[in-house]
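The values are calculated or read from the model by the stated rules, or taken from the named source; none is laboratory data. This structure is a prediction, so every number in the text was calculated from the model and none was measured. Positions of Cβ are generated from backbone atoms using ideal geometry, with glycine treated the same way; all protein chains shown enter the neighbour counts.
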Amino acid sequence: MAFSDAFNDMKSIDGEDFKRLGTSPIILRILLVLGIMGAVLFASYWFLIKPKFAELEVVRAKEQTLRDTFDSEQSKAANRAAYVEQLEEMKKTFNVMLRQLPNKTDIESLLVDLSQTSVASGLDVQYFKPETEVPKEFYAEYPIKISVTGQYHEFGKFISGLAALPRIVTLSNIDIAELRATRGSSEEENTNGGTKLKMDLVATTYRYLEEE
């Protein structure tokens, strides 16, 4: 019965009722209040709440970045002792390698060592020619062209002697060929117990470039 009365009240609503809201039917006043509330809620969502969602996504992304940074830093902090130990070990290794690079004053003695090693191996030195130094980042390459004659086992002894030096020496451009026969070579071969060979190579040593 009450619903029928409300429906009849709605049918009786006209434009004049909006001018007399205080005395208008109760259903009109309820609809008006609901409409105003809906408009306020929609405006609040559209202008106040919705922009916050975009800000929320930005904050969430920033939070994730901070979390990743925190996890990374926490992992570094947890392994700090291991990193410090590893760094010290690297410094020691680097210093050992650095000491193997002769400085300007040691390079001459190293040339003497190379020459003496070839002679001690039983080789005949044809020529021993230091080339122009090649500067690098913190060191310089010092190539030396060497030509010696002898036999295979003497070449092996020479290479082993270079490896035993307290300095870094690398060999490149190695060329071994049979020495051309000359008068009396057959007698020499029988005396030495083998064919005489010639070996050309480039022995490269390295010098530490001291800071000015």
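Couple of notes before you dig in:
- Every residue from segment 154-177 that is surrounded by 11 or more Cβ atoms within 10 Å (Cβ to Cβ), among the hydroxyl-bearing types (Ser, Thr, Tyr) and more than 14 Å from Gly122 (Cβ to Cβ): Thr170
- Taking the criterion of being among the charged types (D, E, K, R) and more than 32 Å from the chain's Cα centre (by Cα), the residues of segment 111-150 that qualify are Asp113, Asp124, Lys129, Glu131, Lys145.
- Lys196 being among the charged types (D, E, K, R) and either at pLDDT below 85 or under 26 Å from Asn95 (Cα atoms) (or both): no
- Hey, Thr132 without any contact (Cβ under 8 Å) to a residue 24 or more places away in the chain, under 30 Å from Phe94 (Cβ atoms) and polar (S, T, N, Q) or not: yes
- Output for segment 99-140, where each listed residue is assigned to a helix (DSSP H, G or I), hydrophobic (A, V, I, L, M, F, W, C) and either at pLDDT 80 or above or exposed (fewer than 12 other Cβ atoms within 10 Å of the Cβ) (or both): Val112, Leu114, Val119, Ala120
- Restricting attention to segment 147-176, the residues that are of a type in the set (Lys, Arg) and modelled with pLDDT of 85 or more total 1.
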